[in-house]
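First up is the structure itself, then whatever we jot down about it.
The values are calculated or read from the model by the stated rules, or taken from the named source; none is laboratory data. Since this is a predicted model, take the numbers as computed values, not measurements. With ideal geometry, Cβ positions are generated from the backbone for all residues, glycine too; neighbour counts draw on all protein chains shown. Heavy atoms of the whole protein, side chains included, go into the accessibility calculation; ligands, DNA and RNA do not. Shrake-Rupley method; radii C 1.70, N 1.55, O 1.52, S 1.80 Å.
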Amino acid sequence: METRTLLRFTAVMLLISAVAVTVGRLLHPALDHVGMTSAAWAPAHWLWLIGLVTGMAGVTGLYLRQRDQLGLLGFIGAATAWAGMALMSGAIYFEAVVQPGLIQAQPALVASFVEYRGMGAYLPVFLASAIAFGLGFLALGIAMFRARTFPRWAIVLMTIGAVIGGPQGLLPPVVAYGAILALGLGIAGLGYALWTSVESETPERRAIDFAAGAGEARP
């Protein structure tokens with residue numbers, strides 16, 4: 001696959017991620033007995049899962065597009081954010097697929113889930129994923145802000161949304177909605193900027209980059 005095609009693909013993944021996480025947050029019911037047993041519970045978490053998986057691809061593209069400008073901090077941030085999304089995907093998969101069936105079979109579990117009891121390793125894993133998610137995007141956002149490669153407004157929104165919205169299940173609904181909206185707008189802006197940066201690249205610039213890469217590949 002050509003580099004331009006790969007970057008276009010990751011830009012589209014960022015746009016899909018932005019829509020999925022935002023709509024998923026809007027659909028998400030309250031964390032109570034009514035919400036956990038509602039028809040909106042599984043679709044909301046499926047959208048989040050789609051947003052996380054596509055976001056992993058998108059973050060990879062963002063890093064590869066500007067890896068020379070981001071340095072070590074950018075690499076650490078992208079890798080940590082990617083790991084946080086991977087861990088969070090497992091937790092969200094549980095909520096989308098396994099939890100609804102458990103609640104139907106064992107209604108008493110609803111109270112324990114609402115009060116964060118009887119969840120085994122789920123809660124520590126989710127908290128770890130939220131911390132990695134927030135810290136990773138924070139480091140990546142700082143590196144991107146300093147690199148000046150992409151719009152700073154989108155970087156700021158992405159960073160603030162990720163840091164605040166990571167543990168959204170533990171936040172007041174208004175704060176969670178605001179954080180995810182900021183995250184979605186930031187990711188969408190970066191996806192659009194990534195796409196346009198690829199489309200506006202001149203053939204001469206691509207030739208220079210290819211020659212530089214070929215030179216680095218020589219022993």
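Key figures
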| read-out | value |
| --- | --- |
| I155 vs. criteria modelled with pLDDT of 85 or more and at negative phi | yes |
| Conditions (1) over 30 Å from S200 (Cβ atoms); (2) in contact with a Leu (Cβ under 9 Å, 6 or more places away or on another chain); number of the one not met by A57 | (1) |
| Flag if A42 is farther than 18 Å from W195 by Cα and surrounded by fewer than 19 Cβ atoms within 10 Å (Cβ to Cβ) | yes |
| Residue in the range 181-199 that is in a helix (DSSP H, G or I), modelled with pLDDT of 65 or more and surrounded by fewer than 15 Cβ atoms within 10 Å (Cβ to Cβ) present | yes |
| Residue in the range 11-29 that is basic (K, R) and open to solvent by less than 40 Å² (accessible area, probe 1.4 Å) present | yes |
